[in-house]
1. Within segment 10-52, can you find the residues that are farther than 18 Å from THR73 by Cα, touching a residue at least 24 places away in the same chain (Cβ under 8 Å) and of a type in the set (Gly, Ala, Ser)?
2. I need the full set of residues from segment 43-61 which are more than 15 Å from the chain's Cα centre (by Cα), modelled with pLDDT of 95 or more and open to solvent by 60 Å² or more (accessible area, probe 1.4 Å), in order please.
3. Any residue in segment 3-19 that is open to solvent by less than 50 Å² (accessible area, probe 1.4 Å) and either over 30 Å from GLY88 (Cα atoms) or in contact with a strand residue (DSSP E or B) (Cβ under 7 Å, 6 or more places away or on another chain) (or both)?
4. Among the residues of segment 171-187, count how many are surrounded by 13 or more Cβ atoms within 10 Å (Cβ to Cβ) and either among the β-branched types (Val, Ile, Thr) or in contact (Cβ under 8 Å) with a residue 24 or more places away in the chain (or both).
5. What are the pairs with Cβ atoms under 9 angstrom where one residue, in segment 53-67, is within 12 Å of SER99 (Cα to Cα) and the other, located anywhere, is open to solvent by less than 20 Å² (accessible area, probe 1.4 Å) and aromatic (Phe, Trp, Tyr)? Sequence gap at least six, or different chains.
6. Checking GLY198 against (1) in contact with a Gly (Cβ under 7 Å, 6 or more places away or on another chain); (2) within 20 Å of GLU208 (Cβ to Cβ); (3) crowded, with 18+ Cβ neighbours inside 10 Å, only one condition comes out false. Which one?
Amino acid sequence: EETQKATGLPVHAVEQTPDVDGFELRPGTRIGLIRGANNMPGGWLMWTLEHFGMEYEVVSADDYDRLDALYDTIILAPGVTRARIVNGLNPASAPEEFSWAYGVGEEGWAQLAAFVRNGGTLLGLGSASETAQQLLNLPIARVATVQPFRIGGSLLRETFDTDQPAAWGMRSDWVTYFNNDRAFEVTGDATVVGAYPGTGSILASGYEVGAEQLRGQADVVSMDVG
């Protein structure tokens, strides 16, 4: 009713969800989210997963000795570093309600790597992709950009290999939001799923200084481990 008054558009209630094309995850899919304490991107990921009806659990420090039994896929939120996982919050100074974010030590770090080598899927987003690289010695290296390099909050063009599961639902040519982020050079056996264009304009909207340094470099990479 409020929307109708504000916009002048007719709004009608329906008795059931409209019959439109859609999809849902396979029932029983188990998603874990490693976010760390005071991690804003992790909070937004929680909202996103809930908004799209995806069942998940925040991975707790108590979970690391049984990750295989609990999760199929684990997401590393942007900002999750090795130190956030290994050191985490100190039990001596952090209350029990934050025990999920306690440090898991070197043993927990090794258990996370074993989760992947035993068949689990690890998804590192943003800066956490470098955490995944450290964890598993992945054959990727962050592109070392040279100043001046400034691309804050702009849309860059990108090409996607839509035959790859990691690009499911994407168009072969689309845009990505880039906020002083990163790109990768593939140095070994890995599949480039998304990359900045090798020819033509990289910038789709906004401003850039030094975007040429990203040309042809990878943004999304998929690989098998173990």
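The values are calculated or read from the model by the stated rules, or taken from the named source; none is laboratory data. Bear in mind the structure is a predicted one, so any value in this text is a computation, not a measurement. Backbone-built Cβ (ideal geometry, glycine too); neighbour counts: all protein chains shown. Areas reflect the complete protein model, heavy atoms only, side chains present, ligands, DNA and RNA absent. Shrake-Rupley method; radii C 1.70, N 1.55, O 1.52, S 1.80 Å.
1. The answer is ALA37, and nothing else.
2. GLU57
3. Within segment 3-19, the subset open to solvent by less than 50 Å² (accessible area, probe 1.4 Å) is none.
No: segment 3-19 contains no residue that is open to solvent by less than 50 Å² (accessible area, probe 1.4 Å) and either over 30 Å from GLY88 (Cα atoms) or in contact with a strand residue (DSSP E or B) (Cβ under 7 Å, 6 or more places away or on another chain) (or both).
4. Looking only at that region, the number is 9.
5. VAL59/TYR71; ASP63/TYR71
6. Among (1) in contact with a Gly (Cβ under 7 Å, 6 or more places away or on another chain); (2) within 20 Å of GLU208 (Cβ to Cβ); (3) crowded, with 18+ Cβ neighbours inside 10 Å, GLY198 violates only (3).
One line per residue, one yes/no per condition, for (1) in contact with a Ser or Thr (Cβ under 6 Å, 6 or more places away or on another chain); (2) modelled with pLDDT under 95; (3) farther than 27 Å from THR121 by Cα:
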residue	(1), (2), (3)
GLN147	no, yes, yes
GLY153	no, yes, yes
PHE160	yes, no, no
PHE178	yes, yes, no
GLY194	no, no, no
THR199	no, yes, yes
ALA204	no, no, yes
GLN217	no, no, no
SER222	yes, no, no
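Residues are listed down the side, and each one gets a yes or a no for (1) in contact (Cβ under 8 Å) with a residue 12 or more places away in the chain; (2) open to solvent by 30 Å² or more (accessible area, probe 1.4 Å):
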site	(1), (2)
ILE75	yes, no
PRO78	yes, yes
THR81	yes, yes
ASN90	yes, yes
SER93	no, yes
ALA113	yes, no
ARG117	yes, yes
